[in-house]
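Let me begin by presenting the structure, written as structure tokens, before commenting on it.
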Amino acid sequence: MFRSTLLYLSNQPRVFRFVRRNRFAKSFASRFVAGEALDDAVAAVKALNARGISASLDLLGESVTNEREARAARDAYLTILDRINETGADANVSVKLTAMGMDISEELCVSIMRDVLERAQRYGTFVRLDMESSAYTERTLRLFEERLYPSFKQHVGIVLQSYLYRTLADVERAVQLKCRVRICKGAYKEPAAVAYPDKKDVDANYVKCMHVLLEQGTYPGIATHDPALIDEAKRFVAEKGIARDRFEFQMLYGVRRDLQDQLVREGYRVRVYVPFGTQWYPYLMRRLAERPANVAFITGNVLREMVGRRR
């Protein structure tokens, strides 16, 4: 019922218009979304860079319904890459293939992504292909390996999710390819047929995947706010003598800023995922609806940060 309500609200234009005008709602959203315009996102990146943190910019908006929308998303990402280059910001970009037309035509998606990757290649920067629900996992990895990675090996990488049973095998394949991987737990609501239903199993699989990537992978992104997993990463790299410039921790904009700063002080690399755009309300509502536990996750992490600052 709770999930259905959130999904219903995410698709109500009248509610969206009201929320966008509501000062409290916008204030809450600004904690987790950099703003609606590219200027807002660039300002957020500059603030992160001043704290010694790099960024990955994501223009909000998922599956598009026609070619015009897909090409508009491409043009927006080309502009983002231009701005990153012009400002000298320490940032790259994250994209969702459904926003680039994958549900319309694979050929269209590949053509659009090649345009984006050619721009990234020109600037010597990097594009991360965000992973969506398990319905897209195989298609995303196949398109990456067969159509994009061969031509842009230094400029494109993937995301793998530890709650899927298949992920350890995907990690091992990524190691063979020598491609860059962000490992995360996964945020979508998935059936038990494809994903571990229990958190302890998700965490255990995360640790297995993280160990392989840290020891054998190519500059992996360790994406988590879980202190236990972060501590295990620190322990493992110390035990194996893995240099701190061979990987980075990755976190979400507005979540555990205290922990981000602590890691930087300790000499680790940190990158923050920075979403922005006019679709911030549907984004937040869908993320909460996909896994209602995300409500507790966001609330709990904000409270932990607040308590930590008062000590």
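Every number here is computed from the coordinates shown, using simple stated rules; none is lab data. These numbers were taken from a predicted model, which means no experiment stands behind them. Because the Cβ atoms are built from the backbone with ideal geometry, glycine has one as well, and the counts that use them run over all protein chains shown.
Order the peptides 67-73, 179-185, 245-251 from the highest to the lowest mean number of other Cβ atoms within 10 Å of their residues.
In descending order of packing, they fall as 179-185, 245-251, 67-73.
Where the only charges are on Cβ atoms (+1 Lys, Arg; -1 Asp, Glu), what is the dipole of region 73-162 about its Cα centre, to the nearest 20 debye?
Rounded to the nearest 20 debye, it is 160 debye.
Of all DSSP beta bridges located in region 35-274, what percent are antiparallel, nearest 5?
5
Filter Lys200/Lys234; Lys189/Lys240; Lys153/Lys199; Lys199/Lys234; Lys185/Lys234; Lys96/Lys240 down to the pairs with a C-alpha to C-alpha distance above 27 Å, please.
The pairs that break the limit, which is 27 Å between Cα atoms, are Lys189/Lys240; Lys153/Lys199; Lys96/Lys240.
I'd like the Karplus ³J(HN,Hα) series for region 61-74: coefficients 6.51, -1.76, 1.60, θ = phi - 60°, whole numbers in Hz, and an x wherever there's a Gly or Pro.
Going residue by residue, I get x, 10, 4, 9, 10, 8, 5, 4, 5, 5, 6, 5, 5, 4 Hz, with x marking Gly and Pro.
Need the full-extension length gain, Thr65 to Asp261, defined as separation in residues times 0.36 nm minus the C-alpha distance. One decimal, nm.
Taking Thr65 through Asp261 to full extension adds about 66.6 nm, to one decimal.
Please report, in debye to the nearest 20, how large the charge dipole of region 35-274 is about its Cα centre when each Lys and Arg carries +1 at its beta carbon and each Asp and Glu carries -1 there.
The calculation lands at about 620 debye.
Could you order the peptides 136-149, 29-42 from most to least packed, using the average number of other C-beta atoms within 10 Å per residue?
29-42, 136-149
Taking amide hydrogens as modeled 1.01 Å from N in the peptide plane, which residues meet the under 5 Å criterion relative to Ala91, leaving out close sequence neighbours?
Long-range HN contacts for Ala91: Ala55.
Whose amide H sits under 5 Å from the amide H of Tyr273, counting only residues 5 or more places off or on another chain, with H placed in the peptide plane?
Here Ser56, Met251, Leu252, Tyr253 satisfy the definition.
Which residues in region 40-70 have a backbone N closer than 11 Å to a point placed 7 Å from the Cα of Ala135 along the Cα-to-Cβ line?
63
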